[in-house]
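Encoded as structure tokens, the structure appears first; notes follow it.
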Amino acid sequence: MSKIQVAIIGAGPSGLLLSQLLRLQGIESIVLERQTREYVEGRIRAGLLEWSTVDLLNEARVGARMMREGLAHDGLELAFDGRTHRIDLKKLTGHRMMVYGQTEVQKDLGDAHTASGAQIIWEAGNVAIHDITSHRPRVTYTRGAINHEIDCDFIAGCDGFHGISRQSIPKEYVTLHERTYPFGWIGIMANVPPVAGELIYVNHPRGFALCSMRSKSRSRYYLQCSLDDDIANWPDDRFWDELRGRLPNEHAGALITGPSIEKSIAPLRSFVAEPMRFGQLFLVGDAAHILPPTGAKGLNLAAADVRLLSEAILEYYRGGSETLLNDYSKQALARVWKATRFSWWFTALMHKFSDETFAHRIQLAELEYIAGSAAAAESFAENYVGLNFAQRIPRPQGLRLKSSI
Ligand code: APR
Ligand code: PHB
């Protein structure tokens, strides 16, 4: 039996960012991950960061490569009805976005852990949580044929949607809210220059499209596809033809195509579990909430949870106060539901749900409204860049993360 302050389940971005921030504050943690490091770092995910996430990654001292290689964007384009409208995020909100792959964030966090010798148990099997309602919760796991037990003060459930943390909460204490969407996204990655300098979100009668990137020489494109579609139905040529067909002429002509280096289909879902705390177990990131990728809020919301929980744990070890810990679920969910609303609304605005022309005309009217109204554009931009922390429910003058060095 080993003893530690915080046991973290899952070495995705939530788990590693939390353990890094706690370590910088002198708080010990251990991370238990059931997969290998290669598997976790090999997953292709989104690549758009709110500036509050950029700040947090820099506070965690894992932002140097991001600041060097990431692309800061001041705006984006909405394309509809054969035309485009630019949303000037910087002018409307004072905030920019950072294009930097989640895969890179994962690697930077992994490297920081290796450099610091922080405890990550890869390929931890049969992770289980015990006594979460006591003040001495325990986590057990196997490594090879050996059983291990950890005694801790807090457990952070950073094990994603399919993890065991949320499922460890007795059903009667957790409420699950879910909305599934009748379509998916097929995404490809290709080493070709992006079609434009900023992201393009496309509403088209044939379905949604998104033009994104990872660098000036690597592009990421998505197309709305049917849920039961199969990658085999999407050879590169068909993908490029369909994308070109959904883009306004000015961009269609500029599209540079090439062989895909990654191609995958993902379903779209909105999911929120309440509360995000049960006893000494705190749910973080995808373990508590899933958003459709329209607006790329998943990683940013996970980072916001991590900031709240790390401040709360810091306050506890620094001053013994449990105020922020007791506030965690309410504070996190306040932001989660706003991001969930925006992602649901943006998905509804940009995707094709049926052949019904009335629905599409309404979407076009709303897009025209956003293009023609500063108030509507500002509301869109404010949600897109991330509702800044000022929107938090007022809190007691708690501790703020300050680098220990
Ligand atoms: N035991 C140990 N580890 C587990 C278990 C388990 N029983 N179940 C899951 N895990 C691990 C997974 O293998 C994964 O590496 O937990 C990790 C969870 O990571 P993510 O799913 O990436 O979740 P999170 O860290 O919250 O990141 C959220 O990821 O999916 C994107 O859009 C999402 O950007 C958001 C971000
Ligand atoms: C991506 O680059 O993968 C991306 C960007 C913006 C989104 C979704 C995904 O809204």
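In the chain, helices alone account for a calculated mean residue ellipticity at 222 nm of -11000 deg cm²/dmol, with every DSSP H run of four or more residues adding -39,500 (n - 2.57).
Would any residue of the stretch 171-189 have its amide N under 20 Å from a label point 7 Å out along Cα→Cβ of GLU69? List them or say none. 188-189, by backbone N distance to the label point.
Normalised by the residues of the chain, what does the relative contact order come to in percent, with Cα pairs under 8 Å and at least six apart?
Result for the chain is 20 percent.
In terms of the mean number of neighbouring beta-carbon atoms within 10 Å, the peptides 375-381, 360-366 order highest first as 375-381, 360-366.
Pairs of alpha-carbon atoms within less than 8 angstrom and 6+ residues apart define the contacts here; what relative contact order does the stretch 218-349 have, in percent? Computed over the stretch 218-349, the figure is 21 percent. Annotation: extensible slack from ASN326 through GLU368 equals 10.7 nm (criterion: 0.36 nm per residue apart, minus Cα-Cα distance).
Sorting 175-182, 289-296, 56-63, 320-327 by average packing, meaning the other beta carbons within 10 Å per residue, from highest down gives 289-296, 56-63, 320-327, 175-182. Fewest neighbouring Cβ atoms within 10 Å first, the residues ASP229, ASP355, ASP305 line up as ASP355, ASP229, ASP305. The slack in the chain from THR140 to LYS338, taken as 0.36 nm per residue of separation less the alpha-carbon distance, amounts to 67.7 nm. If you take the Cα centroid of the stretch 24-87 and the Cα centroid of the stretch 297-371, the two points sit 16 Å apart. So in the chain, what percent of DSSP beta bridges are antiparallel if you round to the nearest 5? About 70 percent, rounded to the nearest 5. Applying 1/(1 + (r/R0)^6) with r as the Cβ-Cβ distance of ASN249 and ALA375 and R0 = 30 angstrom yields a FRET efficiency of 0.50. Take the alpha-carbon centre of the stretch 132-160, take the same for the stretch 192-251, and report the distance between them in whole Å. The distance from the Cα centre of the stretch 132-160 to that of the stretch 192-251 comes to 43 Å.
No value in this document is a laboratory result; all are computed from the given coordinates. None of these values were measured; they are calculated from a predicted model. All Cβ positions, glycine included, derive from the backbone under ideal geometry; neighbour counts span all protein chains shown.
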